[in-house]
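Below is one structure, written out as structure tokens; comments come after it.
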């Protein structure tokens, strides 16, 4: 079980999450922000700092 | 009773003696979010400080304007403010509770030993030669003077600097129009979870399809400005109970003249009419808002820019785009351009300029594609500061911040005066990027510290040693970007 975060709805492409992420797990392109679940450490920094509440917490269980 | 004499071109005001209400070391004109930073920093530095505010509470647009979204870096007094808000369950997701925020600021400013005057306007500057030495105020107590050794203009409109004779610019370089102004409103009884989990939030977060439906059905009288419908989810309400509160930045006035009272009045009237149309549309069309009600419209109109004082340095759009660093950095910021179209619908995260005879549309990064109003040629016409477009365009914001230099707070002509907040010395696009809540607060804090040093050494603010100021700011917990690069003479 691992906690990761994912951009799921209403991303405004502002990019602050990518700036705040300490492990470089977030990239922003024309479609919006994307979080690499393999790099995400689950710290929640992006979630706390997303003013649009576009980021969701997910519990993933390795296969 | 004074006798006014009528003349051809107006009324002659009789000469009178203004009572000196009080004397201070530092007068802060304007108790918005910049003024709060300035007042706390000055008062904690031992200066007898007064903050003069035209409304009935501190925080300006962040509280009275319902722009309860303290974006940008948390640092210094701003960091402390967010911690205080969190302690009263008044902050989450970079959104704040405007009511709790007001009280937090009252307590922080009074706790620093600073005096406050509410419902008071600064209507003139008292000068000694080219140095400001006080302000004239008007309030319920009439017209009075307050003398101060130093003045920090955090009025937003640069009122004190204007009366002191500073040079300034207003609006867009091409036509002088300022950004669209917004009257914000708050809705209660929102089922936030229902909205968050809706198709609408996932697929139509700007409500473009909904607005079209509203138009077709006749529920919207005209195509409302398709500004990103920025919503601020007010914290501290019971979570997941379907009774959330949100602030909404949706209403816009255009062709604004925020320095003219008749046009300000027009914008309040127009803003409230727009809010009435918009909240009813939202209640009918947006999932989760079906049982919502209008709590209030903001008591303070969201004026995004007006006077920009001409300082020793003018921060430019290119400085923002290239993420400029300055030796005399006093705060850092990260945001790109954010221009609410002055003369038409939409939001522009780019600015127009001419390079080598060719018109260019410069953006700070991929946020340019998040505009809702694009230049001719659409998104593909956007370029970064080096002219790269399309796939080649670089998002400089993802690499680093940029600096606000001390010189942007120092007016060219007038002594003993600093400016801070949205009236800083910047060009139109530069100002559009540096007007966020936390950046304005940090500029104010730097100005407060600078005045303490200016008083301590008995020198003009423009002569304050930037190294001593920067060391003081870093000691106070301010983020000057020192972890990312060496500041000459300070951290190298």
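Tabulated data
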| read-out | value |
| --- | --- |
| Condition met for residue B:11 (outside the structural domain of residue B:158 (by TED's automatic domain parsing) and either in a strand (DSSP E or B) or in contact with a helix residue (DSSP H, G or I) (Cβ under 7 Å, 6 or more places away or on another chain) (or both)) | yes |
| Condition broken by residue B:343, with the remaining ones in (1) buried (at least 16 other Cβ atoms within 10 Å of the Cβ); (2) under 24 Å from the mean Cα position of the chain (by Cα); (3) part of a loop (DSSP other than H, G, I, E, B) satisfied | (1) |
| Residue count for region B:363-386, restricted to those that are over 10 Å from residue B:321 (Cα atoms), assigned to a loop (DSSP other than H, G, I, E, B) and either at the interface with chain A (Cβ under 10 Å from one of its Cβ atoms) or touching a strand residue (DSSP E or B) at 6+ places or on another chain (Cβ under 7 Å) (or both) | 4 |
| Subset of region B:405-425 (residues that are touching a strand residue (DSSP E or B) at 6+ places or on another chain (Cβ under 9 Å) and either surrounded by fewer than 17 Cβ atoms within 10 Å (Cβ to Cβ) or closer than 26 Å to residue A:24 by Cα (or both)) | B:412 |
| The lone exception for residue B:336 - which of (1) in a loop (DSSP other than H, G, I, E, B); (2) in contact with a helix residue (DSSP H, G or I) (Cβ under 9 Å, 6 or more places away or on another chain); (3) within 30 Å of residue B:455 (Cβ to Cβ) it fails | (3) |
| Selection count, region B:185-218, where residues are more than 14 Å from chain A (Cβ to nearest Cβ) and touching a strand residue (DSSP E or B) at 6+ places or on another chain (Cβ under 6 Å) | 5 |
| Residue within region B:183-201 that is surrounded by fewer than 20 Cβ atoms within 10 Å (Cβ to Cβ) and in a loop (DSSP other than H, G, I, E, B) present | yes |
| Among (1) touching a helix residue (DSSP H, G or I) at 6+ places or on another chain (Cβ under 6 Å); (2) assigned to a loop (DSSP other than H, G, I, E, B); (3) surrounded by 16 or more Cβ atoms within 10 Å (Cβ to Cβ) - the single one residue B:304 does not satisfy | (1) |
| Residue ID - farthest from the chain's Cα centre (by Cα), chosen from residues in region B:222-251 that are within 17 Å of residue B:339 (Cα to Cα), at pLDDT below 85 and within 14 Å of chain A (Cβ to nearest Cβ) | B:226 |
| Residues located in region B:363-391, provided they are buried (at least 22 other Cβ atoms within 10 Å of the Cβ) and in contact (Cβ under 8 Å) with a residue 60 or more places away in the chain | B:364, B:370 |
| Residue B:105 vs. criteria surrounded by 21 or more Cβ atoms within 10 Å (Cβ to Cβ), assigned to a helix (DSSP H, G or I) and either within 14 Å of chain A (Cβ to nearest Cβ) or in contact (Cβ under 8 Å) with a residue 60 or more places away in the chain (or both) | yes |
| Condition broken by residue B:358, with the remaining ones in (1) touching a residue at least 24 places away in the same chain (Cβ under 8 Å); (2) out of contact with any helix residue (DSSP H, G or I) (no Cβ under 6 Å at 6 or more places or on another chain) satisfied | (1) |
| Pair list, Cβ < 9 Å and 6+ apart or interchain, from region A:42-56 residues that are within 8 Å of chain B (Cβ to nearest Cβ) and on the phi > 0 side of the Ramachandran plot to residues that are surrounded by 16 or more Cβ atoms within 10 Å (Cβ to Cβ) and in a loop (DSSP other than H, G, I, E, B) | A:53/A:9; A:53/A:10; A:53/B:93 |
| Residue B:78 vs. criteria within 23 Å of residue B:335 (Cα to Cα) and either assigned by TED's automatic domain parsing to the domain that holds residue B:251 or not in a strand (DSSP E or B) (or both) | yes |
| Selection from region B:82-101 of residues that are away from every other protein chain (no Cβ under 14 Å), assigned to a loop (DSSP other than H, G, I, E, B) and under 16 Å from residue B:66 (Cβ atoms) | B:90, B:97 |
| Residue that is in contact (Cβ under 8 Å) with a residue 60 or more places away in the chain and within 19 Å of the chain's Cα centre (by Cα), where the choices are B:285, B:268 | B:268 |
| Test: residue B:235 is more than 13 Å from residue B:182 (Cβ to Cβ), outside the structural domain of residue B:121 (by TED's automatic domain parsing) and surrounded by fewer than 17 Cβ atoms within 10 Å (Cβ to Cβ) | no |
| Residue in region B:454-467 that is farthest from residue B:24 (Cα to Cα), counting only those that are assigned to a helix (DSSP H, G or I) and out of contact with any helix residue (DSSP H, G or I) (no Cβ under 6 Å at 6 or more places or on another chain) | B:467 |
| Subset of region A:1-30 [in a helix (DSSP H, G or I), at the interface with chain B (Cβ under 10 Å from one of its Cβ atoms) and touching a strand residue (DSSP E or B) at 6+ places or on another chain (Cβ under 8 Å)] | A:18 |
| Residues satisfying the stated conditions in region B:347-362, i.e. over 22 Å from residue B:399 (Cα atoms) and within 14 Å of chain A (Cβ to nearest Cβ) | B:347 |
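The values are calculated or read from the model by the stated rules, or taken from the named source; none is laboratory data. Note that the coordinates shown come from a computational prediction; the quantities given were computed from them, not determined experimentally. Glycine also receives a Cβ, built like all others from the backbone with ideal geometry; neighbour counts cover every protein chain displayed.
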